1. Among all residue pairs at least 6 apart or on different chains, which show Cβ distances below 7 Å where the first residue, located in the stretch 364-388, is touching a residue at least 60 places away in the same chain (Cβ under 8 Å) and at negative phi and the second is of a type outside the set (Val, Ile, Thr) and in a loop (DSSP other than H, G, I, E, B)?
2. Which condition does Glu428 not pass, out of (1) loosely packed, with under 12 Cβ neighbours inside 10 Å; (2) among the acidic types (Asp, Glu); (3) in contact with a strand residue (DSSP E or B) (Cβ under 6 Å, 6 or more places away or on another chain), if it passes all the others?
3. Applying the selection to the stretch 393-432, what residues are part of a loop (DSSP other than H, G, I, E, B) and modelled with pLDDT of 90 or more?
4. At least 3 residues that are hydrophobic (A, V, I, L, M, F, W, C) in each: list the strands (runs of 3 or more DSSP E) lying fully within the stretch 272-353 that qualify.
5. Of all residues in the stretch 41-54, which are more than 43 Å from the chain's Cα centre (by Cα) and either assigned to a strand (DSSP E or B) or β-branched (Val, Ile, Thr) (or both)?
6. Of all residues in the stretch 86-109 being in a loop (DSSP other than H, G, I, E, B) and touching a strand residue (DSSP E or B) at 6+ places or on another chain (Cβ under 7 Å), which is nearest to Ile23 (Cα to Cα)?
7. May I ask you to say which residue of Val59, Val125, Val38, Val28 is buried (at least 21 other Cβ atoms within 10 Å of the Cβ) and in a loop (DSSP other than H, G, I, E, B)?
8. Just one of Ser57, Ser79, Ser61 is of a type in the set (Ser, Thr, Tyr) and closer than 21 Å to Lys18 by Cβ; which is it?
Amino acid sequence: MSSDLLLRAILELYQSVKAAEGIAAARVIFVNELRKVVPFEQAIVWCESSSLPVAISSVSSIDPQTPHVKQLKALYDKSLRRTELVSLELTPKDLSSVDLFSDQCATWISFGQRAGGLLFVTGTVPMSPVKIAVAELALKACGEFIKRQTKQGKHHLFSEIKPRSVFLTLAILGLIAFASVTEIKNTVLAPAEVISADIAPVKSPADSLVDQVLVLPGDTVEVGQLILKLDSSRIESQLNIARAELAKLYVEFEQENVKSFSSDSSKARAADARGRIAEKNEQIGFLERELARYEVKADRTGRVVLDSVEELEGKPVRIGEALLEIASESNLEVEAWMNVQSALPVGAGNTVRLFMHSNPFQPLAGEVRYSNFRPVSKEDGVVAYPVRISIPNESELNLGERGTVRIESGETTILKWVTRRPLVWFRETFGI
């Protein structure tokens with residue numbers, strides 16, 4: 001390479017290193033761009049602050065835990081840290097502790113009075129004196145940028161602060177200050193379902209088995225509509241026996257009544273048969289009324305609330321046990337479940353916005369009717385506070401429809417609103 005080209009290469013290296021953003025970037029550029037000035041296999045830079053190399057050519061970031069970096073650290077501590085020579089030739093034997101350099105030669109050029117320097121790994125051929133001189137020249141030209149330090153030998157506290165970092169820091173601090181003084185409505189979201197405020201259970205009139213369910217969950221029923229039947233085989237057997245006995249008593253009465261014209265004893269037996277007929281009629285009437293009770297009818301108009309027809313049919317029930325429920329569609333409200341982790345103080349009168357899943361773009365306004373202060377464990381295992389909400393425009397509600405409610409509870413700052421739940425989680429997780 002001619003002297004003009006060499007000087008141009010050193011000048012371009014100097015300009016690239018000088019334009020780097022920070023000392024770390026300058027070191028990386030230096031060891032990689034130096035190959036355009038002096039050929040080598042790998043170049044490594046050490047500084048006085050640590051035994052670890054601060055820059056390695058062809059390596060973007062240095063991991064202290066890798067075997068190669070650990071071997072370079074040991075090499076520096078053993079052979080290079082305390083040498084007083086400006087340059088030092090290293091043989092393959094000297095480099096045997098570094099696996100990647102075991103059969104190669106290298107040249108060490110120190111920073112002079114300060115600890116640290118530059119190691120050139122040159123392959124199987126040692127570095128010529130001319131190339132060493134060129135490398136020293138390049139190191140002198142760029143040295144101030146790769147070993148920039150204060151007089152005390154340490155990096156200046158603000159030497160690597162970038163304007164962009166200052167701007168970003170100020171922006172973050174300004175955002176935090178804004179969030180700490182700006183107040184917003186304190187809200188909490190909770191899943192919700194439209195329910196009936198007037199639900200009546202249908203109870204079993206007798207001890208029996210559920211024989212047949214004649215309605216499905218969600219069906220609309222009218223007053224007096226037959227909705228299910230209980231097993232009435234025992235009552236029906238008693239009724240059949242009573243009717244057969246009544247027929248026999250009628251025959252007996254007819255026979256004795258004919259004989260009563262000529263016999264006083266037959267007249268007495270006919271009177272006795274008449275009395276037993278009246279008694280049997282009373283028994284049959286009672287059994288028929290009992291049989292009618294085994295047919296359960298709706299006592300109101302509404303929608304059937306029932307988990308499963310299959311689970312109810314064949315189930316043994318006791319008198320007074322709830323079989324299913326009938327919910328009125330004329331008195332609807334919303335039930336929400338406020339998660340314990342995100343709960344806020346909520347009471348009657350708090351403003352609510354209801355977002356139905358079927359129409360989330362048209363929220364409905366409402367207010368809290370009451371909130372239970374004691375959390376309840378739901379069927380899915382979630383512990384939450386039940387909240388009842390009234391919606392003035394009930395015509396927009398459909399029984400059983402689901403959605404999400406946003407409950408307002410006073411005001412808070414943006415900072416508190418953002419950090420509230422993470423702080424709760426952190427405190428419960430770590431007990432602080």
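The values are calculated or read from the model by the stated rules, or taken from the named source; none is laboratory data. Since the structure is predicted, the reported quantities are computational estimates derived from the model, not experimental observations. Cβ atoms come from the backbone with ideal geometry, glycine included; neighbour counts cover every protein chain shown.
1. Ala384/Pro375; Ala384/Lys378
2. (3) is the only condition that Glu428 fails.
3. Selection gives Glu401 alone.
4. Working: elements: 295-297, 302-305, 322-327, 332-339.
Passing ranges, in order: 322-327, 332-339.
5. Gln42, Ala43, Ile44, Val45, Trp46, Cys47
6. Pass one, the stretch 86-109, residues in a loop (DSSP other than H, G, I, E, B): 86, 91-98, 102-104.
Next, from what is left, pick out any that are touching a strand residue (DSSP E or B) at 6+ places or on another chain (Cβ under 7 Å): 86, 91-92, 95, 104.
Details: Val86: 23, Thr91: 31, Pro92: 32, Leu95: 28, Gln104: 30 Å.
Residue satisfying both the conditions and the ranking: Val86.
7. Values: Val59 fails: buried (at least 21 other Cβ atoms within 10 Å of the Cβ); Val125 fails: buried (at least 21 other Cβ atoms within 10 Å of the Cβ); Val28 fails: in a loop (DSSP other than H, G, I, E, B).
Criteria check complete, one pass: Val38.
8. Numbers: Ser79 fails: closer than 21 Å to Lys18 by Cβ; Ser61 fails: closer than 21 Å to Lys18 by Cβ.
The unique qualifying residue is Ser57.
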